[in-house]
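Please read the structure below before turning to the comments.
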Amino acid sequence: MGTLHVLEHPLAAHIITHLRDERTKPITFRTLTYQISLLLALEATRDLGVRPREIATPLEACTGEVLGASLAVVPILRAGIGMVQPFTDLFPDVSVGYVGLERDHKTAIARNYYCKLPPLEGKRVFIVDPMLATGGSATQAIDVLKRKGADNVTLVCIVSAPEGARAVWAAHGDVEIFTAAHDRCLNARKYILPGLGDFGDRLYGT
Ligand code: PRP
Ligand code: URA
């Protein structure tokens, strides 16, 4: 069974509340998505490897540390796109791949329509997708990445449901999940409760 990490920060709670609020307009929703994803990116990369580097400050020589791991971030299209920029802003050498998945409105089963990935062997791979509902999309995405050579995958989402985390771990018990809010359950249409509605629609105003 993997580990679930829930962001514990008053700012995270504040941002989530505004994301949930149905009155929040897309322009604000996008800013809040950036902000919460930045907090999640910091938390999910807390254990990144570093290596020593000898440098000289203006006053003396000292040993510093620089990042040692190679990273990839893979958004699940389309809503995951909103979570990519904090990773590319923070980590200069991160590679970016894309997996396109869309849930069928009636069955809630996701269909894979696109895939473009950088080499993943030996990389820390972060899948970003704001909503983990049934877990079908995340599980399919992890399947795809592992088939392409990824062996160190972390899932980063904004709102998760217990059903989704269980489904991911039933298929991929090695995957750690970072979330900003772990909600109560799914409704009959497989939407998260209390949730925030359809993330992609709110992000893009569709
Ligand atoms: C949403 C969301 C996840 C998926 C989660 O995407 O961004 O990818 O649903 O649901 P699941 O855990 O039950 O698979 P959606 O399929 O609505 O596509 P979109 O990003 O294009 O809006
Ligand atoms: N996808 C969303 O965007 N929201 C949900 O609640 C579930 C799946």
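Just so you know, all these numbers are worked out from the coordinates, no wet-lab data involved. All values reported here derive from a predicted model rather than from experimental measurement. All Cβ positions, glycine included, derive from the backbone under ideal geometry; neighbour counts span all protein chains shown.
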Putting +1 on Lys and Arg Cβ atoms and -1 on Asp and Glu Cβ atoms, find which of 158, 55, 108 reaches farthest to the positive end of the dipole of the chain.
108
Taking the C-alpha atoms of the chain, how large are the radius of gyration and the largest Cα-Cα span, Dmax, in Å?
17.5, 66
Please identify every one of the trypsin sites (Lys or Arg not before Pro) in the range 105-158 that sits in a loop by DSSP and has no more than 14 other beta carbons within 10 Å of its own beta carbon.
106
Mind giving me the nanometre distance, one decimal, between the label points for residue 67 and residue 18, set 7 Å out from Cα along Cα→Cβ?
2.6 nm
What's the longest uninterrupted piece of the chain once you rule out the GluC sites (Glu not before Pro) that are loop residues per DSSP with at most 11 other Cβ within 10 Å?
122-206
When 129, 93 are ordered from fewest to most other Cβ atoms inside 10 Å of their Cβ, what list results?
93, 129
Could you give the distance between the Cα centres of the range 117-137 and the range 152-190, to the whole Å?
12 Å
What does the convex hull of the Cα atoms come to per residue for the range 107-166, in Å³?
86 Å³
The extension gain from residue 27 to residue 1, computed as 0.36 nm times the residue separation minus the Cα-Cα distance, is 5.6 nm
For residue 152, other-chain or 5+-apart residues with amide H closer than 5 Å (H placed, Pro excluded) are 125
Per residue of the range 40-46, what does 6.51 cos²θ - 1.76 cosθ + 1.60 with θ = phi - 60° give for ³J(HN,Hα)? Whole Hz please, x for Gly and Pro, Karplus curve as stated.
5, 4, 5, 5, 6, 10, 4
Per DSSP, the loop-located trypsin sites (Lys or Arg not before Pro) within the range 1-88 having at most 15 other beta carbons within 10 Å are 23, 46
